[in-house]
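Single-structure report; data block below.
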Amino acid sequence: MSEEFIHTRIWQEEAEPDNAFAAASCYCHGYDVYGDLLAHASWIEYLFLLFRGEAPSAQQARLLEGLAMALANPGPRDAAVHAAMCGGVGGSTSASCLMAALAVGAGASGGAREVFIAMEDWLARGTDLTQWQTGLAAKPEDDPADVWPAPGHPAGFDPHGVRCTGPVLQTLAHLAGQGCGSSLAWLQANRSSLESAAGLPLAMSGVAAAALLDLGFTPAQGEMLHLLLRLPGAAVHALEQKDYGYKNFPFFQVELENDPGPAARAGLKTEDRA
């Protein structure tokens, strides 16, 4: 009988002698997971090992941990978190709430695909300010071979923002201070010039892209990590809204700036109202 193998560089298992469906030992990139890593490695170090295939330095571990904290809960204003909240208040299963957050948070406007595009921009432009200014001024074009439509704004910048928000500035300052790589430090030094070229303020997705590049991740790895690291907030907000119930669900409020008011509406003729 021929024996089939799963081809993976990430994981190696040895089966239990009396149960071929259970592992007796597990190795991640050569490290004994339950015999060594469980006692001596942190979650962040293990996460880095899974994606990069090597143990992180102390600086890399601190940078990834800081990024994970910054992304863990985007808050109820974020569309992905709000999608999970909708699932929770509607009585959907836990898996459905997380899938809703993943689906909404996957796109090119504040989502993981935007991080992917921003990381590709970093790889193409590096720390050349002229290239960044030229690229940010150009209008994105659709690629017929791509399933993703062209984003309506430069990747890594806030299409609705007026100025860079406090959390983005605080996150950038903290991550750039870890001294790991050059992208974050360059981004902090040239943020104003980049925002002027884009006509938009820097967004958290732009900070995340620079951090993930400094950590040595590829755009595909960065996209996947961005999806993963934002799930904790979606999970807890979905659980909270499930407990509150639909009568307390925070629907968005719409205010009409040109509302004529009750008096003006009362003066409308019947045919006008029709």
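The set of residues from segment 125-162 being surrounded by fewer than 14 Cβ atoms within 10 Å (Cβ to Cβ) and either assigned to a helix (DSSP H, G or I) or not assigned by TED's automatic domain parsing to the domain that holds S182 (or both) comprises T130, Q131, T134, A137. Filtering segment 92-124 to residues that are of a type in the set (A, V, I, L, M), under 29 Å from S182 (Cβ atoms) and in a helix (DSSP H, G or I) leaves A112, V115, I117, A118, M119, L123, A124.
Candidates are the residues of segment 1-40 that are surrounded by 10 or more Cβ atoms within 10 Å (Cβ to Cβ) and aliphatic (A, V, I, L, M); the one that is modelled with the lowest pLDDT is A15. In segment 124-163, the residue that is modelled with the lowest pLDDT out of those that are within 20 Å of V104 (Cβ to Cβ) and of a type in the set (D, E, K, R) is D146. Scanning segment 1-34 for residues that are in contact with a strand residue (DSSP E or B) (Cβ under 7 Å, 6 or more places away or on another chain) and of a type in the set (G, A, S) yields A15, A22, A23, A24, S25.
Tell me which residues, restricted to segment 156-170, are among the small types (G, A, S) and under 17 Å from A79 (Cα atoms). Full working, then the answer.
So the first thing to find is which residues in segment 156-170 are among the small types (G, A, S), and the list is 156, 161, 166.
Hits for segment 156-170 are G156, G161.
The values are calculated or read from the model by the stated rules, or taken from the named source; none is laboratory data. What you are looking at is a predicted structure, and each value in this text was computed from that prediction instead of being measured. Don't worry about glycine lacking a Cβ; one is built from the backbone with ideal geometry, like all the others, and counts go over all protein chains shown.
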